[in-house]
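The values are calculated or read from the model by the stated rules, or taken from the named source; none is laboratory data. Bear in mind the structure is a predicted one, so any value in this text is a computation, not a measurement. So basically every Cβ, Gly included, is an ideal-geometry build from the backbone, and we count neighbours across all protein chains shown. Note: accessible area is taken over every heavy atom of the protein model, side chains too, but ligands, DNA and RNA are not part of it. Shrake-Rupley method; radii C 1.70, N 1.55, O 1.52, S 1.80 Å.
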Amino acid sequence: MNNSIVPVNLVIKSLRDNGYKNTAYAIAELIDNSIQHGSTKVNLICLEKEQFLNTSSVFRVNEIAVLDNGKGMSKDILQMALQFGNGTNLSKENQKGIGKFGMGLPSSSISQGQRVDVWTWQNGIESSLYSYLDVKEIMNGELTSVPEPVKKEIPKKWLEINGELGKSGTLVVWSRLDKCLWKTGKTIIDHSEFVVGRMYRKFLNDKKCTITAVSVREGNLNKPELKKIFVANDPLYLMTKTSVSDKLNEQGLPDPMFVKYGGEEGYEKIYPIEYDGEKHEVKVRYSIASEQARKGGGSNPHGKHARNNIGISVVRADRELYLDTSWVIGYDPRERWWGIEVEFPPALDEVFGVTNNKQYANNFRELGNLDIENIINESNQTTYEFKEELKADNDPKVYLIELAIDIKNQLKTIRALIKAQAKTLEKDEGDTRHGKKDDEAEKHATEVTKNRKEEGHLGESDKKAEGKTDEEKLKEIENELMEDEAPYAKEFAEDIFNSNVLYQFLTANLDSKAFFSCKPVGGKIIIKLNTNHPAYEHFVEVLTDDISPESSSDDLQQRLYMAKNGLKLLLMAWARYEDEQPDGKLKSKAQDARMDWGAMASEFLREE
């Protein structure tokens, strides 16, 4: 009988699903360890192996390795590093760098594959020590503790790929990759370049460390299929020679493309925080797009780059934890034109609510979702009284209240400037362009919908709204927006409710393969466009309202060309979907859906 408090096989399953967003974020944990141990060079290696699928052969990533030239580990530290929740940085006096929680190496490794092998050396590779973890062995009860490190040669293939290794260093190899989202070396490296370049931008920009990625194939280890030296990706766009620089140079735009908001002296604000008997500083930096960068438009390469860097960059010990989008107005594409960085020391981890996988700062994120000033006003409290209430509950967010209020107020001013900047660039009054109103399609669809209702065609949005008060409808819309963590949900909900149109388009980072979602809420139909779907770039981005009057005819033709091809690809995707349905009910349902949607589209597209 097993008398364990928690069965090991269940624990290891849970630990494998530990919240890493994707492979790039898991790889970042290994890079953390490398930098923490004094590495100046880190290599990411994707080793591909030929696999046979049906009648064809393809190359798929078989192993992922991270190699560094750091200090290496002793026997005791290697064994400790492979234990969950153990490490050399758990005591308070050691919590000054990137590491802290003792979860990084084992947790990130098993989140991607079933086995991790580690070699480490401190006096030449001849002295390398080896140990490992194997998920199957743990689940079968064969492995109940971290194997005692032993002297073992590094496999020749890794030496052949990398050539001469440093006098000290560490090699971590993941294998039996069953949870890796991307299957080829190129896709892993391309996705990692953006994320890793942003996380370690300060190290890369200051040349404290270089990160090189290679993809090689078994049988041809000396000739990489792909090799990249990662460059910094700065979401504040104040650094030069970053991952957006080539795009700016091609368009003749200045690098950097943002300027310091508040000037050279005022763009950084420092907030002193006394916590746990010690004094610490939180630094907040602001940037805003230059007018020249805005002229290029959001659909140009640098605008697309900025779209993927929307949010507040939360930085701990010079390493970015994540981009916090809880402070962002998700439906406004102009959010890409500002940058904010919040930097704090590891001693304030509990104040910010840093998770053990260093993916989030939950307390800071929660404040982004709250309308703090409105809460204080509605409760008839002063800010001091509100903070005293939090202090009485031992809520660590009390230390961040004034900082959060300041950020929200600064954002209001920055957004107003961006809006004014856009109007200047567009040489336009209000929300019209070329004599056409932006909501013309929505108004036309609303008229068609009203006609259908008069003919007896009722939808779920009509039925759900029956008998509800205006307050109830407004609250429904507000709750729907709050699901997307929109910081100004109440204000925007009122705009939607008071609008004369029945349809409202929003953008959202949907955890779905669908291009869009639609939901009846408060008598309206909310359509959310998935910014993660390729169709978003083909249609929404390329036909965005953020088009400068100075846009060339070549630029406009290119946009139309992309939209035309995007439409073709959507139709062909449906055709293939229908073609792959087995004969019978499924194929018939797909065909019926196409006919019904076509009939509805005919009504909506017919001009009056």
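Quick notes on this structure:
- Helix runs (DSSP H) in the chain reaching 18 Å along axis by Cα, Kyte-Doolittle at least 0.0: 23-36, 185-199, 401-426
- Here is how the number arises for the chain: DSSP H runs of 4 or more residues each give -39500 (n - 2.57), the sum is divided by the residue count, and the result at 222 nm is -12000 deg cm²/dmol.
- By the rule of a C-alpha distance below 20 Å, with chain neighbours fewer than 8 residues away ignored, the lysines paired with K391 are K279.
- For the pair E366 and A392, a Förster radius of 30 Å applied to the C-beta separation gives a FRET efficiency near 0.95, rounded to the nearest 0.05.
- Taking label positions 7 Å along the Cα-Cβ direction at both E580 and T469, the computed distance is 5.0 nm, reported to one decimal.
- All distinct Cα pairs of the chain go into the 1/r average, and the inverse of that average, the Kirkwood radius, is 27.4 Å.
- Where labels lie 7 Å past Cα in the beta-carbon direction, separation of T240 and V150 in nm: 5.6 nm
- Out-of-range pairs (alpha-carbon distance over 21 Å; input K473/K528; K513/K585; K208/K260; K519/K587): K513/K585; K208/K260; K519/K587
- Distance from the range 218-296 to the range 138-158 (C-alpha centre basis), Å: 40 Å
- Using distinct alpha-carbon pairs, which all enter the 1/r mean, Kirkwood radius of the range 207-284 in Å: 16.6 Å
- Per residue, the chain exposes 52 Å² of solvent-accessible protein surface, assessed with a 1.4 angstrom probe and all protein chains in place.
- Fraction of C-alpha pairs exceeding 14 angstrom in the range 285-365: 63 percent, rounded to a whole number.
- Backbone N within the range 583-597 under 13 Å of label point (7 Å from N451 Cα along the Cβ vector): none
- Residue ranges 593-602, 300-309, 46-55 sort as 300-309, 46-55, 593-602 when ordered by packing (mean number of other C-beta atoms within 10 Å per residue, highest first).
- Charged-residue dipole, Cβ positions (Lys, Arg, Asp, Glu), the chain about Cα centre, Debye nearest 20: 2220 debye
- On the beta carbon distance between L15 and S127, with R0 = 45 Å, the FRET formula returns roughly 0.90.
- Reciprocal mean inverse distance between Cα atoms of the range 318-416 - Kirkwood radius, Å: 14.7 Å
- For E48, distant residues with modelled amide H under 5 Å away: N62, V216, R217, E218
- Packing, taken as the mean count of other beta carbons within 10 Å per residue, orders the peptides 141-153, 192-204, 388-400 from highest to lowest as 192-204, 388-400, 141-153.
- Computed E for I405/N498 - FRET, C-beta separation, R0 22 angstrom, nearest 0.05: 0.20
- Alpha carbon centroid spacing (whole Å) that separates the range 558-608 from the range 308-366: 40 Å
- Annotation: amide H of L321 within the under-5 Å range of V314, V315, R316, sequence separation 5 or more or interchain, hydrogens built in the peptide plane.
- Projected label distance in nm at I270 and S517, using a 7 Å step from Cα toward the beta-carbon: 4.4 nm
- If you wrap the tightest convex hull around every Cα atom of the range 121-249 and split its volume per residue, you get 167 Å³.
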